[in-house]
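Student: This is the structure I want to talk about, given as C-alpha cells.
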Amino acid sequence: TVEMAAKPEEIPGIFSTIVIDPPWDWGDEGDVDQFGRSRPDFDTMPFEDIEKLPVAEKAAKDCHLYLWITNRSLPKGFGLIEAWGFRYITCLTWCKPSIGMGNYFRGSTEHILFAVCGNLSLKRKNIGTWFQWPRSRMRKYAAKPDEFYQLVESCSHSPFLEMFSRSDRKGWVHWGSRS
C-alpha cells in the first residue's frame with residue numbers, strides 16, 4: 001500500500017490493470033449546488049490535477065483502465081482517457097439499489113469507462129455491460145460495490161493498481177485515499 005503522502009509518480013511498479021475513482025471537483029460544471037443534500041467528506045481535486053496524474057507512466061504497454069464516472073462527468077472521463085494515452089472500448093453501468101443526487105434527474109446509475117492501451121484482451125468474455133449490485137459493506141461515501149473488484153480480477157490481468165482507494169485489497173497496490 002502506498003500512503004497518500006507519497007507522490008503519485010512514486011507508486012512502485014508498472015501495472016496491467018488500473019482502477020481509478022477520481023475525487024472529482026464538480027465546481028466547474030456550472031451549477032450552484034449539484035449535491036443537493038449530500039456533499040463528499042473527502043478532499044476533491046480539480047480536473048487539471050487529475051489529468052496530470054501519471055496514469056500513462058504507471059500503465060504497462062498493454063493495460064486495462066477502469067475509470068469510475070458519473071453521468072454528468074462523462075465528457076471529463078473521455079478527456080482523461082485520451083490524455084492518458086488510452087482508447088475507449090465500452091462503458092459498464094452499475095444500476096444502484098437506490099436513487100441518488102442530481103439537479104435535473106436523480107442519478108441511479110454510475111459508470112465505469114473501460115479503456116485500453118496496447119492489445120491486452122480480457123481473461124473472460126461472458127460479462128455484460130450493466131450490473132445490479134448492492135452498495136459496498138463499507139458504507140463510506142461513494143464506496144464502490146465489492147463485486148466490482150471481483151469482476152476486475154476475473155476479467156483483467158495483474159498487477160493491479162487502484163488510485164483513490166477506500167480500502168486495502170489483497171494483491172493490489174493502492175495509492176491515494178478517499179476514506
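The values are calculated or read from the model by the stated rules, or taken from the named source; none is laboratory data. All values reported here derive from a predicted model rather than from experimental measurement. All Cβ positions, glycine included, derive from the backbone under ideal geometry; neighbour counts span all protein chains shown. Ligands, DNA and RNA are stripped out before the accessible areas are found, and what is left, the full protein with its side chains, is counted by its heavy atoms. Shrake-Rupley method; radii C 1.70, N 1.55, O 1.52, S 1.80 Å.
Student: Looking only at the stretch 57-91, count every residue that is within 30 Å of GLU10 (Cβ to Cβ) and either in contact with a Ser or Thr (Cβ under 7 Å, 6 or more places away or on another chain) or assigned to a strand (DSSP E or B) (or both) and tell me the total.
Tutor: Result for the stretch 57-91: 14.
Results for (1) under 27 Å from SER121 (Cβ atoms); (2) hydrophobic (A, V, I, L, M, F, W, C); (3) open to solvent by 10 Å² or more (accessible area, probe 1.4 Å); (4) touching a residue at least 60 places away in the same chain (Cβ under 8 Å), shown as yes or no for each residue.
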{"site": "MET45", "(1), (2), (3), (4)": "no, yes, yes, no"}
{"site": "GLU51", "(1), (2), (3), (4)": "no, no, yes, no"}
{"site": "ALA56", "(1), (2), (3), (4)": "yes, yes, yes, yes"}
{"site": "ASP62", "(1), (2), (3), (4)": "yes, no, yes, no"}
{"site": "LEU65", "(1), (2), (3), (4)": "yes, yes, no, no"}
{"site": "THR70", "(1), (2), (3), (4)": "no, no, yes, no"}
{"site": "LYS76", "(1), (2), (3), (4)": "no, no, yes, no"}
{"site": "GLY79", "(1), (2), (3), (4)": "yes, no, yes, no"}
{"site": "GLU82", "(1), (2), (3), (4)": "yes, no, yes, no"}
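Student: Restricting to the stretch 105-129, name every residue that is aliphatic (A, V, I, L, M) and either more than 20 Å from ASP21 (Cβ to Cβ) or part of a loop (DSSP other than H, G, I, E, B) (or both).
Tutor: LEU120, LEU122, ILE127
Student: Can you pull out every residue in the stretch 84-107 that is surrounded by fewer than 15 Cβ atoms within 10 Å (Cβ to Cβ), at pLDDT 85 or above and more than 23 Å from HIS157 (Cβ to Cβ)?
Tutor: CYS95
Student: Within the stretch 151-174, can one find any residue that is out of contact with any helix residue (DSSP H, G or I) (no Cβ under 7 Å at 6 or more places or on another chain), open to solvent by less than 30 Å² (accessible area, probe 1.4 Å), on the phi < 0 side of the Ramachandran plot and assigned to a loop (DSSP other than H, G, I, E, B)?
Tutor: Looking through the stretch 151-174, at least one residue is out of contact with any helix residue (DSSP H, G or I) (no Cβ under 7 Å at 6 or more places or on another chain), open to solvent by less than 30 Å² (accessible area, probe 1.4 Å), on the phi < 0 side of the Ramachandran plot and assigned to a loop (DSSP other than H, G, I, E, B).
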